[in-house]
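Enquirer: Have a look at the structure that comes next, please.
The values are calculated or read from the model by the stated rules, or taken from the named source; none is laboratory data. Note that the structure is predicted; figures quoted are calculated from it, not measured. Note that each Cβ is placed from the backbone with ideal geometry, even for glycine, and that neighbours are counted across all protein chains shown.
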Amino acid sequence: MSDSRRNFLLKSFSATSAAWLAANWPAEVAAAEKAQGMGNFTYLTREQAADVDAMAAQIYPTTDTPGAREAQVIYFIDLALVTFAQDKQDIYAKGLADLPSHTGGKAFATLSSDQQIAVLTSIEKTPFFKAVRDHTIMGMFASPQHGGNYKKVGWTQIGYDDSLNFRAPFGAYDKA
Amino acid sequence: MKKFKPSEEVDFVVIGSGAAGGVMAKQLAVAGFSVVVMEQGAWGAYGHEQDYNKDELINRFPSEEDMLLSDPKTQRNTFRRNANEKAVAGSHNYGCVVGGGTVTYGASSWRHLPWEFDEGSRFGTIQGTGVADWPVSYAEIEPYYTQAEWEIGISGPNLKTPLIAPMSKPYPCKPLPLKSSGALIQKAAEKLNLTVTPNVAAIITEPYNGRSGCINCGACSGYGCQTKARSSSAVALLPIAVATGNCEIRVHSYVREINVDASGRATGVTYFDKANNNQEVFQKAKCVVLSANGTETPRLLLLSKSNRFQQGLANSSGLVGKYLMTGNGGGASGLFSDPLNEYKGAVTGAAVLSYVPNDTKGRGWYGGGRMTARGQMSPIQYGLAGPHGAPSWGAGYKKALIEQANRRLTMVNFISQLPVETNTVDLDPEMKDAWGLPAMRITTTSHENDFKAMQFFIDKSAEILKAAGATQVWTDQVNDSKGGAHARGTARMGNDPKSSVVNKYHRAHDVPNLFVVDGSSFVTGGRNHPTMTISALAYRCADHLVKAAKTGNVTI
């Protein structure tokens, strides 16, 4: 995703969401905007972002339908770590620092898909993996205004219509 | 909005603005009395409900001003299964905003059936429980149910069956749509000979009392209602109270004590004023109405210790905080071949009524329950919980998540729970809340009878789902409850001051000008759908109180 796309994401938060972010994390959101303007991630380094992105892509893989990568979950996670998930920063920092001990020193993102799955399976009980797993899923299914679920790819897959205004019949069984 | 000075003696202080507090404030203010409502939470979107958030992520991580529920990190509480255990940090919470729990609740609004008021004499007491008759009969409370339903705005079916309490007037609004879950359960009901109805809900389905009907947005329980279709106290009652010019709602006002004078009469309340650096303020009042919910009400009484009331206010019986009923549930889920899209529409769907009545001989346990179809999880919730019988991440997770999406029907049951004296709310001896007061401690284990009840309903749920044609069915584990918004029984009503906390008009036996009305007043728990009965009790209490206060004597 281009820097301008990321800028666009930050600037295009809905009124509610922007107010929510600005009210709770004004300094962090300002820093995020500045960092993204310079082509950087807000919290993660580029190397860390590559590893987290690769993890997310295994947790919710691209198959015949889009996965975490197409949903741009990494930007959701990066922003989450300076806003509502600030309390998870230490877990990410420790987990990322510990990753090379499972990869023979290589960057996780450079491993083959099978190797990545093996590493993740070996750490799936850790708080770090659980945090990345939950954030990946949130990034797939939270409103696109939070940085992931790009073009509603997550919602589309699970048949979720976000119109918030419906008339019966709702499903296949309540049709007259 | 009218503002009162704390030094000014108002007629009534009402603590809490939810199902009971909203009714009390409205009825007292309309009758011409001056009322200050103490609410520890924020305004929410009171008066600008269109601004209620519908974003699931924001709802999971609300900012302080947007919080609609109490936060166990500040409104700290502890939990233990029995008195031999040391209590650990708990997760109990409740509605905490103007309108209380009615702002976010599922809004089921079933009346108790006539025999739910005299289960003691009708079925006999059970060893180890406090099953007893209420001091109020169904006939006495029926007019107040009707008044509550019409003033608050309830939708429901108008059926005549012994499984629904007899009504002197039908519901004001037509029922909510049955949804696909309801259609499937109806199909099963035909095979199994069960009675199924749309839910009875405090959700209006057509324009009513100046509010618009439900648009089936589906972001329902846990969210504020943007269209004001959910008939919360904040849209149906409190605006009327405020419009009289007699009522002030004072937010961010956390009452820490009900004060009494040397003669044992309540003189007002002391609260922390959040806007003023949590400074303590004393609000003077002629009469205090306590409607803080089934857990905070007993806690506040226990916190209000004085020389005269050394074991807590209104507690000469020793029963304040005892006979806690938190509410049991459990159920089953099934998958169907086509989409149900249960995320659309109100959270609670059709109800199976056939197992509401007591049948101790046939079933071998005491009590009953109402079975309901429950709206499916919202997207993040669904993703985090994951599909049934699949890995928790990876290609297998994704495949199953997509396959099972929108095809799930979950049945949730609302089951009786016996009042047991050792199930309690009291003060934790060690933990303090964020204001430095002793935290609430919950101690509860359901009676062994109730485990049989839960298992019965779990099995019945599976049977119904199979009969409805589910391709796969799985059941919940029996899970004893730990707290939550349905707490009842902790300041029970009764005629005898030795075995109850308040009289049949909710006046504390020990304090002539203190009225306690909310879920804590319940003697027995009904079928775990408490709100309509809380509302009706409040209307009845207010009626009595207005008549008494007009003669200048609330102590009648």
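Enquirer: Of the numbered conditions (1) of a type outside the set (A, V, I, L, M, F, W, C); (2) under 18 Å from A:Ala131 (Cβ atoms); (3) surrounded by 17 or more Cβ atoms within 10 Å (Cβ to Cβ), A:Pro66 satisfies every one except a single condition; which is it?
Expert: With respect to (1) of a type outside the set (A, V, I, L, M, F, W, C); (2) under 18 Å from A:Ala131 (Cβ atoms); (3) surrounded by 17 or more Cβ atoms within 10 Å (Cβ to Cβ), A:Pro66 is out only on (2).
Enquirer: Pull up the stretch B:64-116, narrow it to residues that are in contact with a Gly (Cβ under 6 Å, 6 or more places away or on another chain) and over 21 Å from B:Thr297 (Cα atoms), then point me to the one that is nearest to the other protein chains (Cβ to nearest Cβ).
Expert: Checked the stretch B:64-116; the qualifying residue nearest to the other protein chains (Cβ to nearest Cβ) is B:His112.
Enquirer: Follow-up question, since we're still on this one. Looking at the stretch A:150-165 only, could you name the residues that are in contact with an Asp or Glu (Cβ under 9 Å, 6 or more places away or on another chain) and either within 7 Å of chain B (Cβ to nearest Cβ) or without any contact (Cβ under 8 Å) to a residue 40 or more places away in the chain (or both)? First the steps, then the outcome.
Expert: Restricting attention to the stretch A:150-165, the residues satisfying the condition of being in contact with an Asp or Glu (Cβ under 9 Å, 6 or more places away or on another chain) are A:150-153, A:155.
Residues satisfying the conditions are A:Lys151, A:Lys152, A:Trp155.
Enquirer: Further question on the same structure: Being touching a Leu at 6+ places or on another chain (Cβ under 6 Å) and more than 17 Å from B:Ala462 (Cβ to Cβ) is the filter; apply it to the stretch B:179-196 and report the residue that is surrounded by the fewest Cβ atoms within 10 Å (Cβ to Cβ).
Expert: B:Thr195
Enquirer: Among the residues of the stretch B:475-490, is any surrounded by fewer than 19 Cβ atoms within 10 Å (Cβ to Cβ), in contact with an Asp or Glu (Cβ under 7 Å, 6 or more places away or on another chain) and of a type outside the set (Val, Ile, Thr)? Reasoning before the result, please.
Expert: The initial filter retains those residues of the stretch B:475-490 that are surrounded by fewer than 19 Cβ atoms within 10 Å (Cβ to Cβ), namely B:475, B:477-480, B:482, B:484.
Checking which are in contact with an Asp or Glu (Cβ under 7 Å, 6 or more places away or on another chain) leaves us with none.
Checked against the condition, which is being surrounded by fewer than 19 Cβ atoms within 10 Å (Cβ to Cβ), in contact with an Asp or Glu (Cβ under 7 Å, 6 or more places away or on another chain) and of a type outside the set (Val, Ile, Thr), the stretch B:475-490 yields no hits at all.
Enquirer: I'd like to know if the stretch B:237-259 contains one or more residues that are closer than 30 Å to B:Lys344 by Cβ, crowded, with 18+ Cβ neighbours inside 10 Å and in contact with a helix residue (DSSP H, G or I) (Cβ under 8 Å, 6 or more places away or on another chain).
Expert: Looking through the stretch B:237-259, at least one residue is closer than 30 Å to B:Lys344 by Cβ, crowded, with 18+ Cβ neighbours inside 10 Å and in contact with a helix residue (DSSP H, G or I) (Cβ under 8 Å, 6 or more places away or on another chain).
Enquirer: Moving on to the next point. Taking into account only those residues within the stretch B:95-116 that are aromatic (Phe, Trp, Tyr) and buried (at least 24 other Cβ atoms within 10 Å of the Cβ), which is nearest to B:Val347 (Cα to Cα)?
Expert: Narrowing the stretch B:95-116 to residues aromatic (Phe, Trp, Tyr): B:105, B:110, B:115.
Now restrict to residues that are buried (at least 24 other Cβ atoms within 10 Å of the Cβ): B:105, B:110.
Working: B:Tyr105: 9, B:Trp110: 15 Å.
Selected residue: B:Tyr105.
Enquirer: Within the stretch A:52-102, track down each residue that is more than 11 Å from the chain's Cα centre (by Cα), of a type in the set (Phe, Trp, Tyr) and facing chain B (nearest Cβ under 10 Å).
Expert: Listed by number, the list holds a single entry, A:Phe84.
Enquirer: Next up: Tell me which residues, restricted to the stretch A:166-176, are more than 8 Å from every other protein chain (Cβ to nearest Cβ) and either touching a Lys or Arg at 6+ places or on another chain (Cβ under 6 Å) or not aliphatic (A, V, I, L, M) (or both). Steps first, please.
Expert: To start, the set of residues in the stretch A:166-176 that are more than 8 Å from every other protein chain (Cβ to nearest Cβ) comprises A:175-176.
The one that is more than 8 Å from every other protein chain (Cβ to nearest Cβ) and either touching a Lys or Arg at 6+ places or on another chain (Cβ under 6 Å) or not aliphatic (A, V, I, L, M) (or both): A:Lys175.
Enquirer: If you go through the stretch B:469-479 one residue at a time, do you hit one that is of a type in the set (Val, Ile, Thr) and out of contact with any Phe, Trp or Tyr (no Cβ under 8 Å at 6 or more places or on another chain)?
Expert: Taking the stretch B:469-479 first, the residues of a type in the set (Val, Ile, Thr) are B:471, B:473, B:475, B:478.
From what is left, the residues that are out of contact with any Phe, Trp or Tyr (no Cβ under 8 Å at 6 or more places or on another chain) are B:473, B:475.
Checking the stretch B:469-479: at least one residue is of a type in the set (Val, Ile, Thr) and out of contact with any Phe, Trp or Tyr (no Cβ under 8 Å at 6 or more places or on another chain).
Enquirer: Let me ask another. Given B:Gly436, B:Gly364, which one is at positive phi and at pLDDT 95 or above? Outline the logic, then answer.
Expert: Working: B:Gly364 fails: at pLDDT 95 or above.
Step by step, each of B:Gly436, B:Gly364 is checked, and only B:Gly436 is at positive phi and at pLDDT 95 or above.
Enquirer: How many of the residues making up the stretch B:482-502 are closer than 20 Å to B:Gly90 by Cβ, touching a strand residue (DSSP E or B) at 6+ places or on another chain (Cβ under 9 Å) and in a loop (DSSP other than H, G, I, E, B)? Please lay out each step first, then the result.
Expert: Of all residues in the stretch B:482-502, those closer than 20 Å to B:Gly90 by Cβ come to B:482-490.
Filter once more, keeping what is touching a strand residue (DSSP E or B) at 6+ places or on another chain (Cβ under 9 Å): B:482-483, B:485-490.
If we keep only those that are in a loop (DSSP other than H, G, I, E, B) as well, we get B:482-483, B:485-487, B:489-490.
Here the count works out to 7.
Enquirer: Let me ask something else about it. Would you mind telling me which numbered condition in (1) within 11 Å of chain A (Cβ to nearest Cβ); (2) under 27 Å from the mean Cα position of the chain (by Cα) B:Lys399 fails?
Expert: Here B:Lys399 clears every test but (2).
Enquirer: Let me ask something else about it. Could you please let me know if B:Glu64 is of a type in the set (D, E, K, R) and in contact with a strand residue (DSSP E or B) (Cβ under 8 Å, 6 or more places away or on another chain)? Let's see the steps before the verdict.
Expert: On the way: of a type in the set (D, E, K, R): yes; in contact with a strand residue (DSSP E or B) (Cβ under 8 Å, 6 or more places away or on another chain): yes.
Yes, satisfied.
Enquirer: For the stretch A:54-170, give me every one of the helices (runs of 4 or more DSSP H) that falls completely inside it and has 2 or more residues that are farther than 24 Å from B:Ala390 by Cα and of a type in the set (A, V, I, L, M). Show your work before the answer.
Expert: On the way: elements: A:73-80, A:89-98, A:113-122, A:127-141, A:153-157.
Because the criterion is at least 2 residues that are farther than 24 Å from B:Ala390 by Cα and of a type in the set (A, V, I, L, M), the helices (runs of 4 or more DSSP H) in the stretch A:54-170 that meet it are A:73-80, A:89-98.
Enquirer: On to the next question. Which residues, taken from the stretch B:55-77, are in contact with a Cys (Cβ under 8 Å, 6 or more places away or on another chain) and crowded, with 20+ Cβ neighbours inside 10 Å?
Expert: Residues satisfying the conditions are B:Leu68, B:Ser70, B:Gln75.
Enquirer: Related question: What about A:Phe108, is it aromatic (Phe, Trp, Tyr) and within 11 Å of chain B (Cβ to nearest Cβ)? Give the steps one after another, and end with the answer.
Expert: Working: aromatic (Phe, Trp, Tyr): yes; within 11 Å of chain B (Cβ to nearest Cβ): no.
Against the criterion (aromatic (Phe, Trp, Tyr) and within 11 Å of chain B (Cβ to nearest Cβ)), A:Phe108 does not qualify.
Enquirer: For the stretch B:62-73, check the following and say yes or no: at least one residue is of a type in the set (A, V, I, L, M, F, W, C) and touching a helix residue (DSSP H, G or I) at 6+ places or on another chain (Cβ under 9 Å).
Expert: Within the stretch B:62-73, one or more residues are of a type in the set (A, V, I, L, M, F, W, C) and touching a helix residue (DSSP H, G or I) at 6+ places or on another chain (Cβ under 9 Å).
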